[in-house]
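Q: Sharing a structure with you now.
The values are calculated or read from the model by the stated rules, or taken from the named source; none is laboratory data. It should be emphasised that the depicted structure is a prediction, and the values quoted were computed from it without experimental measurement. Cβ: placed from backbone, ideal geometry, glycine included. Neighbour counts: every protein chain shown.
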Amino acid sequence: MQQLLRFIAELSRRPTVLGSVVGALAFLRYQKLAIVDPTNVQAFIAGDWGTHMLGWLQFRHAPLWHLPLGQVPHLGFPLGTSLLFTDAIPLLGLVLRPFSALLPTDFQYLGLWLLTSFVLQGALGAQIAALYLRSRVALVASAVLFVLLPAFLIRNVHPALTAHWIILAVLYGALRGPRRTRWGLVALVSLATLIQPYLWAFAVILFLGVLLDDARRGASSWTRAAVSGATCLTASFGLLALVGGFSSGFQTVIAGFGSYSANALTLVAPNGTSRFFHLDSPPTQLEGFAYLGLGVLALLAIVGLLSLLGRHPLQQGYSLRAPGVPLATGVAVGLLAAFALSDHVFVGSREVLTLAWLYDPIRPLAERFRCSGRAIWPLMYLLVTLAIGGLQRSLARVTRRPERTVALVLAVCAGIQGGDLAFTNRYDEMARYFFDKAGPYFVDRLSDPRWKQIGTGSYRHMAVVPTTSNGCPAGMPYEEGYRSGRIALLSLEAYRADLTFNSGYFSRWQIGEAARCAAQNQAAADHLAADTVYIFGTGHQPPRGSRCAYLNTIRVCVADQNGDPFARSLAP
């Protein structure tokens, strides 16, 4: 028993354990444990969550072995889409696909992924702080600052993009100092391509900076650094190709670069996330949202004030733990921050600089990452790191008890950070918007028992009329189809009945999407195919020879000659 207690006590001193506990508690504060239940698919119906979950679910009906492996032919039928372009975290989808037959029909992994991201965010935040600090109180407070960054919390709506711990892992590797080999980071950064392409792009640029620093400081040869970098890039592009990232059928260059950027004031602009002050960026620049929070801003102010007091010798007997930021890694962070501002630089609502000439030579590449504002995240995390390290360095020169003072200051700043946040529990917010009958985007959860009879017929397809997708010129109204989750709900029923589904919301769409949508809409206006269940939106009338009924206010039609139980349940 004593050995067990000693082991637990020793475990509780480890930064990763302390940070993991902070991350898990933050998850319970801003989410609900109910979403970790893999059979709880209703929680992920509305908004982006529906797109991510249905990408995985419909992928379960794809052939086990096919190229590209990430292809989802049942969604956006007949052109299909990819796990990558539904942000369904292809890494998990590919790992779980061979075991699909053993899993429940209703099975999602997004909730567990969100919990994991919170835990790893706290764990790596504490691990970075441990490069500078020893006090457990200080480590816990530092983990709180990393986990309660508004830019991380606001990404709850986009599970794949909560993997900010990838950035933290590369920064941690850089701050630990030069290494002869970096195969762990090679593997992590390469696999990031199967988590989220934006995070991979940021991580790979940071990693190349780390390799340059290793070679520059003599820890690794230039040849070894080049081999590591080439291996990472080769593996990354190979994995992207494997899941269809380079398929010629996808429209990968689309408009948006220059709009979805970061504002020059993004680090101090809360955009409604602060309880105490208000400063907003233009709505399109919310992709570059990186408000640090009052706690981190207060910490930076304290470090700046202490630095003005001048340099003093270290207190006697105190060993300073203060790794600096390697040059090339710092340059990589700066370049990413510059890219985040894009070719139209805004300060508040005013455009102050146009850099079209700078980006024109690389515009096709830049437009692939149209949400350039997200590239501000590495700078955000570097500033938090420098604030923690700077506090330890400054207080070590002005007080006799720097460790205690550092812990006290960080605890106060962590309290300020938490008190400043205006975030509600995300699960409760989603429920209020989408599941409450008084909510602005409520739609019935398709409770009519006739939905369950679709699988009793010989149907192979479900078609929404008008076809609703990003690449279609017309479709269900945005608030009715996407926001309310109606498209995801219908796609869920199609998945359960093993039907293809002609609609969906994808980050990239197939070339020829508009022509496909128009052809499907015209075909449905002329006649109904016997193997298809049709969903007619407002203002679209089914042709003669249709058997229709309203199921949960949704007009559902099949061909009149069909005699299966589902068809008979509809009005003649």
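Q: Which condition breaks for Glu287 when tested against (1) in contact (Cβ under 8 Å) with a residue 60 or more places away in the chain; (2) within 21 Å of Arg350 (Cβ to Cβ); (3) in a loop (DSSP other than H, G, I, E, B)?
A: Just one mismatch for Glu287, condition (3).
One line per residue, one yes/no per condition, for (1) touching a residue at least 24 places away in the same chain (Cβ under 8 Å); (2) crowded, with 24+ Cβ neighbours inside 10 Å; (3) at positive phi:
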| position | (1), (2), (3) |
| --- | --- |
| Phe44 | yes, yes, no |
| Asp48 | yes, no, no |
| Leu57 | yes, yes, no |
| Pro68 | yes, no, no |
| Leu75 | yes, yes, no |
| Ser82 | yes, yes, no |
| Phe85 | yes, yes, no |
| Leu92 | yes, no, no |
| Val95 | no, no, no |
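Q: Looking at the stretch 146-186, which of its residues are free of Cβ contacts under 8 Å to residues at least 12 places away in the same chain and more than 19 Å from Leu131 (Cβ to Cβ)?
A: Answer for the stretch 146-186, where residues must be free of Cβ contacts under 8 Å to residues at least 12 places away in the same chain and more than 19 Å from Leu131 (Cβ to Cβ): just Arg155.
One line per residue, one yes/no per condition, for (1) under 30 Å from Arg445 (Cβ atoms); (2) in the same structural domain as Leu391 (by TED's automatic domain parsing):
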site	(1), (2)
His61	yes, no
Leu64	no, no
Pro90	yes, no
Arg136	no, yes
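Q: Collect the residues in the stretch 115-133 that are surrounded by fewer than 24 Cβ atoms within 10 Å (Cβ to Cβ) and aliphatic (A, V, I, L, M), keeping them in residue-number order.
A: Selection gives Leu115, Val119, Leu120, Ala130, Leu131.
Q: What number of residues within the stretch 333-351 are of a type outside the set (Gly, Ala, Ser), farther than 16 Å from Glu287 by Cβ and outside any strand (DSSP E or B)?
A: Number satisfying all stated conditions: 2.
Q: Here are Ala530, Ala494: which of them is surrounded by fewer than 21 Cβ atoms within 10 Å (Cβ to Cβ), of a type in the set (Gly, Ala, Ser) and in contact (Cβ under 8 Å) with a residue 24 or more places away in the chain?
A: Ala530
Q: Only one of (1) within 29 Å of Leu84 (Cα to Cα); (2) in contact with a strand residue (DSSP E or B) (Cβ under 7 Å, 6 or more places away or on another chain); (3) buried (at least 23 other Cβ atoms within 10 Å of the Cβ) is not met by Thr468, so which one is it?
A: Evaluating Thr468 over (1) within 29 Å of Leu84 (Cα to Cα); (2) in contact with a strand residue (DSSP E or B) (Cβ under 7 Å, 6 or more places away or on another chain); (3) buried (at least 23 other Cβ atoms within 10 Å of the Cβ) leaves (2) as the failure.
Q: Which residues, counting only those in the stretch 201-216, are among the aliphatic types (A, V, I, L, M) and surrounded by fewer than 24 Cβ atoms within 10 Å (Cβ to Cβ)?
A: Ala201, Val204, Ile205, Leu208, Leu212, Ala215
Q: Let me confirm something: among Asp37, Asp87, which residue is over 15 Å from the mean Cα position of the chain (by Cα), within 22 Å of Leu153 (Cα to Cα) and at pLDDT 90 or above?
A: Unique residue meeting the criteria: Asp37.
Q: Being outside the structural domain of Leu84 (by TED's automatic domain parsing) and buried (at least 18 other Cβ atoms within 10 Å of the Cβ) narrows it down to one of Ala235, Ala262, Ala219, Ala226, so name that one.
A: On inspection, the qualifying residue turns out to be Ala262.
Q: Restricting the stretch 97-114 to residues that are in contact with a helix residue (DSSP H, G or I) (Cβ under 6 Å, 6 or more places away or on another chain) and in a helix (DSSP H, G or I), which is surrounded by the fewest Cβ atoms within 10 Å (Cβ to Cβ)?
A: That would be Leu112.
Here's the yes/no breakdown for (1) farther than 25 Å from Leu124 by Cα; (2) charged (D, E, K, R); (3) crowded, with 22+ Cβ neighbours inside 10 Å; (4) touching a Leu at 6+ places or on another chain (Cβ under 9 Å):
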residue	(1), (2), (3), (4)
Thr354	yes, no, no, no
Pro361	yes, no, no, no
Ala366	yes, no, no, no
Gly373	no, no, yes, yes
Leu383	no, no, no, yes
Gly389	no, no, yes, yes
Val406	no, no, yes, yes
Gln417	no, no, yes, yes
Ala422	no, no, no, no
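Q: May I ask you to list pairs of residues, at least six apart or on different chains, whose Cβ atoms are under 9 Å apart, with the first in the stretch 195-222 being without any contact (Cβ under 8 Å) to a residue 12 or more places away in the chain and the second being of a type in the set (Val, Ile, Thr)?
A: Ala215/Thr223
Q: Please work out if Tyr198 is in a helix (DSSP H, G or I), within 19 Å of the chain's Cα centre (by Cα), surrounded by fewer than 23 Cβ atoms within 10 Å (Cβ to Cβ) and hydroxyl-bearing (Ser, Thr, Tyr).
A: Yes, satisfied.
Q: Which residue out of Val144, Val119 is modelled with pLDDT of 95 or more, among the aliphatic types (A, V, I, L, M) and under 16 Å from the mean Cα position of the chain (by Cα)?
A: Val119 is the lone residue from the list that is modelled with pLDDT of 95 or more, among the aliphatic types (A, V, I, L, M) and under 16 Å from the mean Cα position of the chain (by Cα).
Q: For Leu365, state whether it is farther than 15 Å from Leu379 by Cα and either of a type in the set (A, V, I, L, M) or modelled with pLDDT of 95 or more (or both).
A: Against the criterion (farther than 15 Å from Leu379 by Cα and either of a type in the set (A, V, I, L, M) or modelled with pLDDT of 95 or more (or both)), Leu365 qualifies.
Q: Could you please find all residues in the stretch 498-520 being in contact (Cβ under 8 Å) with a residue 40 or more places away in the chain and surrounded by fewer than 19 Cβ atoms within 10 Å (Cβ to Cβ)?
A: Selection gives Asp498, Ile511, Gly512, Ala514, Ala518.
Q: Moving on to the next point. Report whether or not Val384 is in the same structural domain as Leu286 (by TED's automatic domain parsing), at pLDDT below 90 and within 20 Å of Ala129 (Cα to Cα).
A: No, not satisfied.
Q: Checking Ser281 against (1) assigned to a helix (DSSP H, G or I); (2) modelled with pLDDT under 85; (3) over 24 Å from Ala411 (Cα atoms), only one condition comes out false. Which one?
A: (1)
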